[in-house]
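S.K.: Dropping the structure in here first, questions after.
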Amino acid sequence: MKQIYLLFRRGAIGGLVLALLLASMPQKTMAQDNKPSIDFFSGVNISLVDMTFFRQYNVLLNLTPGFKFDMGKHWQLAAQGKVYLVNTYNNSINTAYLSMLVLSKELKAGPVYLKGSTGLFSNARYGFDIKAFLPVTEWLAFEAQAGCTGLLSMAAGWAMSPIGRFTGTIGGDIYIPRWNTQLRGIIGTYVYTDWGFEAEAMRHFNHASIGLYAKWNNIAGQLNREGVTLAQSLMKGMDGGFKIAIMIPPYKRTHRTVNFRPASNFSTTYLLRGMDEYRDANRLYQTDPEENIRDGWFSRDLLQWGSHTMEPDFKYQEKEEKE
């Protein structure tokens, strides 16, 4: 009980500070974002691992139910859980548990777009996070993210550490409208105290985005090991693969105060190595249950850049509800 009390006390204090900071800044939001609404949704996660002699595949199959409460003016409360239907991978994982609970606020302060978040993020991290995006031209933008988090996992019982680990990245984006192609590069320090860089190229199609990426990490690259040169470290620590985000139909939706729908997207990431020291390299967290490479961090009606300049994936029509 003491741990729960300390968690909610820290969350309340952090949320209050975040609210005061964001509310005090000049901001601009779209008029259509002023009407509160709540969405209930769910997706499906499937994991297959072929790494044991006794069983060809270990399988994880789980539902990811959640909700988003849009409180207006880009304030949002979101939550997500995991409910396992099949688990031959790790018997210590609970059948159902809470995986995300986040209060966030988006705003425009001058030329910079900001998003502040507090709560329980993905990858079992809780704490505070702020993201910034600065469009310079229609093809060039800069981005940054900074967070201070601790461990909070309910997957196999209660596990918690104090907030105090810093993560931060900074980078740039290039968007080529003619081919709907986005190039992105960042450098930073990550959740497990490692540091490195990532580079990716994404092509956005109707209702889908496909990307190739490469990354390097100082731990996987054994940069501090005696006798390892910088060139050897770059070879040892390089990893890569591809990412896919597919937006899930129906693409024409009716918007009510209370909405029930599938998850907005199916996303997957493939690593060429992805084992041992590469498994947790360059690891960050998400502050939105439906965050993906196609939509980025910000709402389409607030930020018009990159894939947000394309035709919207989902077209909404308002429906008046009977009293």
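Every number here is computed from the coordinates shown, using simple stated rules; none is lab data. Remember, it's a predicted structure, so these values are computed and weren't measured experimentally. Quick reminder, even Gly has a Cβ in these numbers, built from the backbone with ideal geometry, and neighbours come from all protein chains shown.
S.K.: Under 5 Å between amide H atoms, partner at least 5 residues away or on a different chain: which partners does Arg125 have, H built in plane at 1.01 Å?
M.R.: Here the answer is Leu152, since their amide H atoms fall under 5 Å of that of Arg125.
S.K.: Specify, per residue and in Å³, the volume enclosed by the convex hull of the alpha carbon atoms belonging to the stretch 119-228.
M.R.: 156
S.K.: Choose one of Gly164, Leu212, Tyr278: the residue whose Cα lies farthest towards the positive end of the charge dipole of the stretch 164-302 (beta-carbon charges +1 Lys, Arg; -1 Asp, Glu; about the Cα centre).
M.R.: Going by the Cα projections, it comes out as Leu212.
S.K.: With a/c under 1.5 counting as rounded, go ahead and sort the stretch 109-177 into rounded, prolate or oblate using the C-alpha gyration tensor (a ≥ b ≥ c being the square roots of the eigenvalues; past the cut-off, prolate if a/b is larger than b/c, else oblate).
M.R.: Prolate, since a/c reaches 1.5 and a/b exceeds b/c.
S.K.: Could you grab the relative contact order for the stretch 169-323? Cα pairs under 8 Å, six or more apart, rounded to a whole percent.
M.R.: Relative contact order, the stretch 169-323: 22 percent.
S.K.: Taking Cα centroids, how far is the stretch 244-305 from the stretch 168-236 in Å?
M.R.: 18
S.K.: Another question, then. Can you list the residues, at least 5 places off or on another chain, whose amide H is less than 5 Å from the amide H of Met100, using H built in the peptide plane?
M.R.: Hits under the 5 Å cutoff: Gln80.
S.K.: Could you compute how fast the stretch 63-152 diffuses translationally, taking Rh as the Kirkwood radius over C-alpha pairs and applying Stokes-Einstein at 4 °C with viscosity 1.567 mPa s? Give it in µm² per second.
M.R.: In µm²/s, the coefficient rounds to 85.
S.K.: Quick check: from the Cα gyration tensor, does the stretch 214-314 come out rounded (a/c under 1.5), prolate or oblate?
M.R.: The shape class here is prolate.
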